[in-house]
1. Can you tell me how region 51-115 classifies by the Cα gyration tensor, rounded, prolate or oblate, using a/c under 1.5 as the rounded cut?
2. Quick one: net charge around LEU246, please, counting Lys, Arg +1 and Asp, Glu -1 for every other residue with C-beta under 12 Å from its C-beta.
3. Using only Cα atoms, locate the centre of region 182-201 and the centre of region 114-133, then give the distance between them in Å, rounded to an integer.
4. Classify region 83-181: rounded, prolate or oblate, from the alpha-carbon gyration tensor (a ≥ b ≥ c, eigenvalue square roots; a/c under 1.5 rounded; otherwise prolate if a/b is larger than b/c)?
5. Using a/c under 1.5 as the rounded threshold, could you call region 107-165 rounded, prolate or oblate? The axes a ≥ b ≥ c are square roots of the C-alpha gyration tensor eigenvalues, and prolate needs a/b larger than b/c, oblate otherwise.
6. Using a 1.4 angstrom probe on heavy atoms only, work out the carbon and sulfur share of the accessible area of region 176-274 in %.
7. When ligands, DNA and RNA are left out and all protein chains stay put, how many square angstrom of accessible area per residue does region 138-265 have with a 1.4 Å probe?
8. How many nm is it between the label spots at ALA19 and GLN311, if each spot is 7 Å from the Cα in line with the beta carbon?
Amino acid sequence: MGSIVACSSFQIDRSDESAVAAKNLAEENEINNAERLLALARFEEARAQFKSFQGTYPQSFYFQSSRLGEAESLEGLGKWSEAVTIDRDVYEKTLKHQPAIAARALYRMSFAYEALGDDLKTLATLLDAYRMGSQLPSEVANAEIPARLASVYGKAGRDKEAMEYLNLAEKGIAKVREEKRDLDQTWLAKTYVQMGTVSTNQVSSENFEAAVEGQKMVQVYLIKAMQMNDPIWSQRGVDQAKNTYLVFLTLLQAQHGNRQLEANMGGSLSDLIEQAELFKPLQGQKVNSFEKDFFSYLQEVRKKIEDILYQTKETMSLTEESQRMNSVKRPGRAKVDALLPEEEKRPIQTPPKIVPTEDPNL
């Protein structure tokens with residue numbers, strides 16, 4: 001009799017285990033489907049999928065992760081304040097027991113704060129996420145966050161810090177590529193896009209120069225994403241880069257009649273194009289469709305800038321110094337080896353140890 005009872009108990013236990021396994025598999029499939037929609041930039045569908053997951057599996061281990069996905073979907077829809085609210089709540093609820101999710105929430109908050117124009121909180125969340133780097137994927141901790149910090153410091157005119165973090169980003173991505181050299185390269189294209197993404201949501205004629213400097217720090221990574229020839233992330237790299245140039249060009253065109261501002265802004269934008277074209281494939285080299293699309297677009301932008309600058313030159317009387325500073329080719333604020341193609345680089349010095357300080361306003 002005892003053996004029959006024992007056998008029955010064993011069958012019940014096996015049945016319970018199977019039910020749990022099936023439930024876990026269903027959860028994983030649903031969350032993965034939502035993540036795929038997010039990667040495809042189908043933000044409204046992704047948001048709905050994440051919300052559906054939360055309603056179906058409120059006790060799931062992936063519940064807070066799904067809320068992060070919802071917040072990132074809101075970012076894609078331009079609903080930055082809503083995204084920040086969710087990210088902050090996720091961070092507070094997971095910091096103690098799920099620090100990896102809390103670190104991801106901090107990182108995503110930095111994108112939303114940047115889009116909202118809050119540079120102080122952008123910097124603070126990035127530094128906090130950097131301190132929690134052990135909880136993040138290697139490519140995020142060692143490459144993406146340093147690159148984004150370089151851009152933020154570049155916009156603020158803090159070249160020393162920008163260079164230090166840019167060097168860290170370069171070393172970080174080299175390390176990660178070595179660690180993951182046997183894996184599919186899609187992750188690398190995605191990483192490059194994240195490293196090169198800078199919000200233009202708050203760019204105006206007043207902060208135009210600063211925004212261009214921030215983009216100058218990291219646009220190379222969008223070009224590297226294009227070079228990966230990945231159907232999703234290389235296209236995202238093209239779209240991000242073209243949209244950034246479109247914002248800059250539109251602001252320049254809006255200055256019609258303000259000749260001095262046209263000259264200054266046009267010169268800065270031309271500098272940015274010249275830097276990008278350092279990475280243009282040489283004649284005879286293999287070029288993929290993403291690179292062709294982007295560099296063809298740059299030629300269109302350059303032509304429009306030159307038309308504006310030519311008109312400006314005809315109507316302005318400039319001193320020799322003014323002509324030098326407002327010409328298409330003018331001295332940049334800083335020259336960085338990490339911004340050059342491999343064949344033009346010099347050895348990069350090891351940056352000093354960085355000990356970020358926590359921002360009290362976060």
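The values are calculated or read from the model by the stated rules, or taken from the named source; none is laboratory data. Treat the numbers as computed from the prediction; the structure is a model and nothing was measured. As a convention, Cβ positions derive from the backbone with ideal geometry for all residues, glycine included, and neighbour counts pool all protein chains shown. With ligands, DNA and RNA removed, areas are computed over all heavy atoms of the protein, side chains included. Shrake-Rupley method; radii C 1.70, N 1.55, O 1.52, S 1.80 Å.
1. Taking the square roots of the gyration eigenvalues as a ≥ b ≥ c, region 51-115 is oblate.
2. 0
3. If you average the Cα positions of each part, the centres end up 18 Å apart.
4. Here region 83-181 falls in the oblate category.
5. Oblate is the answer for region 107-165, as a/c is 1.5 or above yet b/c matches or exceeds a/b.
6. The C+S portion of the solvent-accessible surface of region 176-274 is 45 percent.
7. Counting only protein heavy atoms, the per-residue value for region 138-265 is 38 Å².
8. Distance between label points: 7.3 nm.
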